[in-house]
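The structure appears right after this line, and notes come after that.
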Amino acid sequence: MHSHNFFRMSWLLQLVVGIALFTVSLALQGVVLFGFLAAPALAWALALSLEAGKVLSIVWHRYLSGAPQTYPPSTRWVSGAFRLGLLTLSLVCTLLFIGEHLDRPRLAQARQQDLRQLEARTAQLLAQHERDTTTRLEALRQRNAARVSALRSTAERRIDRLETSLQREMDNVVKGQFKGPRYRELAQRLEKEKAALEKMLQDNAAALDKQEEKLLTEAAAAKSALLENASKSRQRLALNHYDGDERAADPRVVALVNLSRSIFGAAPSPNAFAFSFAILVSILLELGIVLAFDTITVSMTPAIRAQHAGEIDRKIFGARTRAEAEKEASAHKQFLDRIQRRARDTVGVAERVAADH
């Protein structure tokens, strides 16, 4: 009694495990196919058909393996290729799904972090560049102002001396005239000094404008180079795969890798560990499906085979019964036909005798 319950419970548990693994594999395959196919109904119908075909092929292969006469080599090879293809497809779909979730799940966050740092550093460099440009421009203007102030002071002292001399010369009146040759010479020198001062100021202003323009042009070129470098850095970040960056990996994977490295002195990369984990889960899932339904089929084969044999016997018995019934019906019909012919012959003879009389 206990053995019977144990067998029944084991069979039910295997069936539950097989159905659960089948459902998980179906869901994973459906999600992956949905990503490749545009029509959701087509993706899920294809996934359900392939998964059901996989389970049926496992069951019928195990059942028909015990009957070589009804399981020829050609059918066996086709069945084996079909099962292998379905198992490979399920394995790949599971690997794709798990790999998608384990392969650098925080890649976007790591890239955004680097982009934010790049933008902050670029903003700092631009601000520093603007400050440096302003400082250089102010220094240029201050140096120019100091130089102009010194030149203006020297020129103004000469002008003051000339004006003083001219004023004294105005007091030197000869025969009622104060504008003599010396006065005119001083006046000409005064005008020349004033003109020279004005020209110096204009030339200095023009030179200052050129220097400022050159400084601003160099600053603009430096700013363009800085922005171009920032743009190239953004492109590099956009193309960066972050393969060896632990920030992009799953924190649990990183923790396990670091723990393994601390204990054994060596450890795979997070990507290698994620790939190995995905393969392990995929293989265990497919092996679990094969083992569950294969074991169930093995345990039920005697009952299925007996039921199959009984069904065949019933079919044979029914066919024989129908054949005998058809044979008896044919014989009965032939008997009736003979009686009808004899009756018609008798009636004909009677009619001929009556006609003779």
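Bear in mind that the values in this text are calculations on the coordinates, not laboratory data. Everything numeric in this text was worked out from a predicted model, so none of it was measured. Positions of Cβ are backbone-derived with ideal geometry, glycine not excepted, and every protein chain shown enters the neighbour counts.
If Lys and Arg each add +1 and Asp and Glu each add -1, what is the summed charge of the other residues whose beta carbon sits under 14 Å from the beta carbon of residue 331?
Neighbour charge sum, excluding residue 331 itself: -1.
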Environment charge of residue 104, counting only residues whose C-beta is closer than 14 Å and scoring Lys/Arg +1, Asp/Glu -1: -3
Across the alpha-carbon set of segment 94-134, Rg over Rh with Rh taken as the Kirkwood radius works out to 1.44
From the Cα centre of segment 5-67 to that of segment 185-252, the distance in Å is 70
Can you give the Rg to Rh ratio for segment 88-173, taking only C-alpha atoms and Rh from Kirkwood? 1.80
Taking each pair of distinct Cα atoms in segment 13-170 once, what is the resulting Kirkwood hydrodynamic radius in Å? 24.0
Burial-style ranking of 145-154, 285-294, average other-beta-carbon count within 10 Å with highest first, yields 285-294, 145-154
Most to least packed among 11-20, 221-230 [average Cβ atoms within 10 Å]: 11-20, 221-230
Give me the Å³ per residue figure for the convex hull around the C-alpha atoms of segment 236-293. 108
For segment 110-123, Karplus couplings with θ = phi - 60° (6.51, -1.76, 1.60), whole Hz, Gly/Pro x: 5, 5, 5, 4, 5, 5, 5, 4, 5, 5, 5, 5, 5, 4
